[in-house]
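Here's the structure we're looking at; comments come further down.
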Amino acid sequence: MAQAQSAEQPQRGGTVQIALQTTPGSLNPVLPAELASNIINWTMFSPLTVVNPYTNQLEPYLAERWETNANLTEWTFYIRRNAFWHDGRPVTSEDVKFTFDKIRDPEEGANNLPDFRRVREIRTVGPYAVKIFLTQPDAFLDDRLSLGGSEILPRHIFSQFRRLRDATEYNSRTPIGSGPFKMKRAVPGQFFELEANPQFFLGRPFLDGLVFRVVPDGNTRVTQVLAGQLDWIEMEPTQIRAVQGNPRVKTTNFDTLRYQIFAWNLKNPLFQDLKVREAMVYAIDRRRLLQTVTPGFGYVDDAFVPKAVTWIPRPNIQFREFNPQRARQLLAEAGWRTNAQGILEKDGKPFEFKILVDRGNTQREQIGLILQQFFQDIGMKVTYDVAERGGRWLQETQQGTFETRLAEFLMPNVDWMQRLFSSVGQNNSQFYSNPRVDNLLAQMRATSNRTQHANFMRQIQEELYATFPNIPLYYMERILATNTRLQGFPAANIKDAMPFIHRVWLRGN
């Protein structure tokens, strides 16, 4: 997309309207939040490093460069000298140290605390350099800082408060960042209006502004993009027909590097038996599920790394095809018997659980109903439990009180493997714990050799395949519907595109 448009001169001006599925829970990127918060925060706050959505390569962002020692235990990041906060104050190494020390403080409840467990000390080296000392080698610190939740906060604002969460107004209506756009007006539950930051360190954005509108319903989002009230949405395959032939709308599909999952809460004794989890894998016809929910957009696999990440060799695994007979056999081996009502029972207790689904995600709402039927077909009693993503769905996920849930995982780089499957990974909401996986991750962190990384990733996937941390239902392709005037927007997940929103422009201004 970017190459095709490179010959055309970008124009300045205009405002782009973008849909959010839910109201952002926090406008502080360090505090726990969900996708809507991440999307809008990445336009206002700057990480040290970033993955370029046009190339999928790690690049400098707020840090102009960085270096590490030979054993990967000391990292030095050099801050751009032309970076300023939205209120005009310069960004310095003191801001970086302050932010990372806050993340390391358990009382803050920061989203990325597990990422900083190996940090021993953070020290400023003059006004524009910061040195991070680690207790163990870590080859992926620079990658990890690009993934969200470690964006730099202004020390002169938040040092006034005992805890980050006490800065209520800054966290909800008047955030101060250093990113390409700054808050102009916030009406939580309705919209968030941003304006271009003329002092942005990578150059003033081409656009004059952004408006993020909260539109929970997918069909409403389609209607509004057709009417010109929105300029960017993600669509479901079933919605393509509604926009085809409309001269105002362009569609683009892309590999998201994400997969839909069915996740158990592994603290629940019901799901701690490997045979039970394996049986539930065999109980799902994932090929039919894919063709029902998103025909022609995606693929099924039992690997935990997308096919598009070609430098990692395929693990030695075989896809588990739909086999309800095998599922029933495994459940019987685990001690489950069918009672007079046709429900599986063990020690006088029925096999009964809820599937938590986030309202407004059309695919997962369909998946939940389909899985309910598959599991009921082998004798389980299953409740389809739909909840608002920004409400009870997020609360039960963060507090670990769900029984099972539907979600999606992404795998943009190898560091996400430890976020998802390390015993202390901050995205390990299913409470998966495997000493062998932890050991392989530790060995992978201790080397910068890419060939060794690939071999460790293959071994980790084979161990995950054998121990069922969750069920990969299918890998996702997504469809963007955008206003044909919108130029330079990468075919990528919107959160990943936001740090480069300054490159996007509107034709015809």
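The values are calculated or read from the model by the stated rules, or taken from the named source; none is laboratory data. The model shown is predicted, which means the values in this text are computed figures rather than measured ones. Neighbour counts are summed over all protein chains in view; Cβ atoms, including those assigned to glycine, are modelled from backbone coordinates with ideal geometry. Surface areas here come from the heavy atoms of the whole protein model, side chains and all, with no ligands, DNA or RNA. Shrake-Rupley method; radii C 1.70, N 1.55, O 1.52, S 1.80 Å.
List of remarks:
- Considering residues of the stretch 225-248 that are assigned to a strand (DSSP E or B) and modelled with pLDDT under 90 only, the residue surrounded by the most Cβ atoms within 10 Å (Cβ to Cβ): Met235
- Which listed residue is open to solvent by less than 40 Å² (accessible area, probe 1.4 Å), more than 20 Å from the chain's Cα centre (by Cα) and in contact (Cβ under 8 Å) with a residue 60 or more places away in the chain, from Thr251, Thr294: Thr294
One line per residue, one yes/no per condition, for (1) open to solvent by 30 Å² or more (accessible area, probe 1.4 Å); (2) under 29 Å from Leu344 (Cβ atoms):
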position: Ile367; (1), (2): no, yes
position: Lys381; (1), (2): yes, yes
position: Arg389; (1), (2): yes, no
position: Thr401; (1), (2): yes, yes
position: Met417; (1), (2): no, no
position: Ala442; (1), (2): yes, no
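- Test: residue in the stretch 307-315 that is of a type in the set (D, E, K, R) and surrounded by 14 or more Cβ atoms within 10 Å (Cβ to Cβ): no
- Among the residues making up the stretch 330-374, those that are in contact (Cβ under 8 Å) with a residue 40 or more places away in the chain and in a helix (DSSP H, G or I) are Leu330, Leu331, Glu333, Thr362, Gln363, Arg364, Gln366, Ile367, Ile370, Leu371, Phe374.
- Taking the stretch 7-51 as the range and being in a strand (DSSP E or B) and at pLDDT below 90 as the test, only Val51 passes.
- Residues that are surrounded by fewer than 16 Cβ atoms within 10 Å (Cβ to Cβ), under 38 Å from the mean Cα position of the chain (by Cα) and of a type in the set (A, V, I, L, M, F, W, C) within the stretch 329-342 comprise just one, Ala332.
- Residues in the stretch 249-281 that are β-branched (Val, Ile, Thr) and outside any helix (DSSP H, G or I) were compared, and the one that is modelled with the lowest pLDDT is Thr256.
- Residue-level check: of (1) more than 11 Å from Gln461 (Cβ to Cβ); (2) exposed (fewer than 15 other Cβ atoms within 10 Å of the Cβ); (3) of a type in the set (D, E, K, R), Arg326 misses just (2).
- Selection within the stretch 427-440 - open to solvent by less than 40 Å² (accessible area, probe 1.4 Å) and closer than 23 Å to Ala110 by Cβ: Asn428, Ser429, Gln430, Tyr432
- Any chance Thr43 is surrounded by fewer than 20 Cβ atoms within 10 Å (Cβ to Cβ) and either touching a residue at least 60 places away in the same chain (Cβ under 8 Å) or polar (S, T, N, Q) (or both): no
- Among residues of the stretch 442-487, those that are at pLDDT below 90 and closer than 30 Å to Val243 by Cα, counted: 5
- Which listed residue, of Leu480, Leu464, Leu473, is of a type outside the set (Val, Ile, Thr), in a helix (DSSP H, G or I) and farther than 23 Å from Lys182 by Cβ: Leu464
- If the condition is being in a loop (DSSP other than H, G, I, E, B), open to solvent by less than 30 Å² (accessible area, probe 1.4 Å) and among the aliphatic types (A, V, I, L, M), then the stretch 171-224 contributes Leu207, Val215.
- Given (1) in contact with an Asp or Glu (Cβ under 7 Å, 6 or more places away or on another chain); (2) under 27 Å from Ala33 (Cβ atoms), number of the condition Phe133 does not satisfy: (2)
- Residue satisfying all of: in the stretch 97-124; in contact with a Leu (Cβ under 7 Å, 6 or more places away or on another chain) and β-branched (Val, Ile, Thr); farthest from Leu202 (Cα to Cα) among these: Val119
- Matching entry among Thr76, Thr99 (being open to solvent by less than 40 Å² (accessible area, probe 1.4 Å), part of a strand (DSSP E or B) and either hydroxyl-bearing (Ser, Thr, Tyr) or in contact (Cβ under 8 Å) with a residue 40 or more places away in the chain (or both)): Thr76
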